[in-house]
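Below you'll find the structure, written out as structure tokens, and then a few comments.
Throughout, read-outs are computed from the coordinates displayed, never taken from laboratory work. Given the structure is predicted, the values throughout are model-derived calculations rather than measurements. Every residue, glycine as well, gets a Cβ built from its backbone with ideal geometry; the counts of neighbours run over all protein chains shown.
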Amino acid sequence: MTSTNSYFELVYEVTRNIPKGRVTNYGAIADFLSLGSARMVGWALNQCHGMPDVPAHRVVNRLGELSGRSHFKPPTAMASRLRKEGVKVKEDKVVDFELVFWHPREMNLE
DNA sequence: ACCGTGACGTGTC
DNA sequence: TGACACGCCACGG
């Protein structure tokens with residue numbers, strides 16, 4: 001992490017550390033970085049479009065809704081990826097969101 | 001340098 | 001968690 005990293009690269013860094021089978025929300029990442037707002041996180045992930053090592057599907061909104069699904073190809077990829085990792089998804093919303101929620105504070109610093 | 005835009009969140013009803 | 005206004009801030013035009 002250097003000062004040359006732009007904001008979205010910081011967001012990618014955090015997103016990469018989201019454990020499989022867990023999810024977080026935009027606000028938690030913004031809060032952890034103490035930079036910008038949740039909107040910035042959404043904006044940053046929007047720019048990631050093709051990065052395979054950035055599990056953007058593990059980032060949802062504060063209600064556990066898959067608000068970014070329409071930016072995936074196909075839009076159903078977000079839900080299917082989560083289900084494949086053991087996260088229950090119903091009606092484009094994470095089931096038991098509180099239980100699978102992960103806060104960047106728990107991140108394993110290496 | 002101004003303005004619209006957006007994968008959001010909080011407060012209020 | 002229904003609806004809506006408002007704050008948020010980097011970016012492209």
Contour minus Cα-Cα distance for residue A:43 and residue A:80 (0.36 nm per residue): 11.1 nm
Qualifying GluC sites (Glu not before Pro) for the range A:66-102 [loop in DSSP, other Cβ within 10 Å: at most 14]: A:91
Length-normalised contact order of chain A in % [C-alpha pairs under 8 Å, at least 6 apart]: 32 percent
3J(HN,Hα) from dihedral phi, the range A:73-89, Karplus parametrisation 6.51/-1.76/1.60, rounded to Hz, x for glycine, proline: 10, x, x, 7, 4, 4, 5, 5, 5, 5, 4, 5, 8, x, 8, 6, 10
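To the nearest 500 deg cm²/dmol, what mean residue ellipticity at 222 nm is calculated for chain A from DSSP H runs of n ≥ 4 alone, each contributing -39,500 (n - 2.57), summed and divided by the residues? Can you show the working numbers first?
Values: 5 runs with 39 residues, N = 110.
After summing the helix terms and dividing by residue count, I get -9500 deg cm²/dmol.
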Given charges at Cβ of Lys, Arg, Asp, Glu: chain A dipole, positive-most of A:70, A:45, A:34: A:70
Nitroxide proxy distance, nm - points 7 Å out along Cα→Cβ at residue A:34 and residue A:16: 2.3 nm
Peptide ranges A:66-75, A:10-19 listed from the most packed, as the mean C-beta count within 10 angstrom indicates: A:10-19, A:66-75
Positive-end residue, the range A:16-96 charge dipole about Cα centroid, Cβ charges, pick of A:60, A:86, A:23: A:86
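Calculate the dipole size of chain A relative to its Cα centre from +1 charges on Lys and Arg beta carbons and -1 charges on Asp and Glu beta carbons; express the result in debye to the nearest 20.
With Lys and Arg at +1 and Asp and Glu at -1, about 400 debye.
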